[in-house]
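Please read the structure below before turning to the comments.
The values are calculated or read from the model by the stated rules, or taken from the named source; none is laboratory data. Here the structure is a predicted model, which is why all the values come from computation and not from measurement. Virtual Cβ from ideal backbone geometry, glycine too; neighbours counted across all protein chains shown. Surface accessibility is based on the protein's heavy atoms, side chains included, excluding ligands, DNA and RNA. Shrake-Rupley method; radii C 1.70, N 1.55, O 1.52, S 1.80 Å.
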Amino acid sequence: MTQTILLTSFDIWMSHHQTNSSDELLEKVSQVSGIPHDLHFLRKLPVDFQEAPKQAIAKINELQPDLVVCCGMAESRQKLTVEKQARCGKEAIVTPLNLPLLIQDLKLTEISEDAGQFVCESLYYAVLSHLHRHPKKIPTLFVHVPILTPTNSQPILDDFLHLLNRLTQSNLH
């Protein structure tokens, strides 16, 4: 069964950045043919604590996807990292997804418990909070993307595509 997946990325936010690796990755995903899902992209979200969640939640409400995967850049990380939780102050919301099963056997992906305490985490928290109250119970994940290089670009894309395929399997929810 074809599932509708919403994928989000961020725009650049620092003057030395030419691109945002999360958006680079989604550009590469958009060029892959034969993906058996209905992919929708909300690319280049503003790096803004209020505006990014507002735009993402509006798109979720409009699209009513089966799955939401938000992506952000993690300049200091070397692997894709799937975020276990999002915090806002002392509150934390944990994704109900089975992350160990999700990343099993992936070489360039690991689980993180620190979504960064910046706009990425703010977006993840807002989306998880919104969807926690949603009657459809839409699974949501945040993935941090390292800087893409000629060496890691294809293996990172491969791992991300495996993540998307696995996320559509009901045993992960």
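Rundown of residues vs (1) part of a helix (DSSP H, G or I); (2) surrounded by fewer than 16 Cβ atoms within 10 Å (Cβ to Cβ); (3) aliphatic (A, V, I, L, M); (4) in contact with a helix residue (DSSP H, G or I) (Cβ under 6 Å, 6 or more places away or on another chain), yes/no style:
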| residue | (1), (2), (3), (4) |
| --- | --- |
| Phe49 | no, yes, no, yes |
| Gln55 | yes, no, no, no |
| Ile60 | yes, no, yes, no |
| Gly72 | no, no, no, yes |
| Ser76 | no, yes, no, no |
| Val82 | no, no, yes, yes |
(message) Quick check on this structure: which one of Leu45, Leu39, Leu6 is farther than 15 Å from Glu75 by Cβ, surrounded by fewer than 20 Cβ atoms within 10 Å (Cβ to Cβ) and in contact (Cβ under 8 Å) with a residue 24 or more places away in the chain?
(response) Leu39
(request) Go through (1) modelled with pLDDT under 95; (2) open to solvent by 70 Å² or more (accessible area, probe 1.4 Å); (3) assigned to a helix (DSSP H, G or I) and name the single condition Leu131 misses. (result) (2)
(message) Can you go through Gln78, Gln50 and tell me which one is under 12 Å from Cys120 (Cα atoms), polar (S, T, N, Q) and more than 15 Å from the chain's Cα centre (by Cα)?
(response) Gln50
(message) Here's a check for you: in the stretch 115-125, which residue that is open to solvent by 30 Å² or more (accessible area, probe 1.4 Å) and modelled with pLDDT of 95 or more is nearest to Gly72 (Cα to Cα)?
(response) Ser122
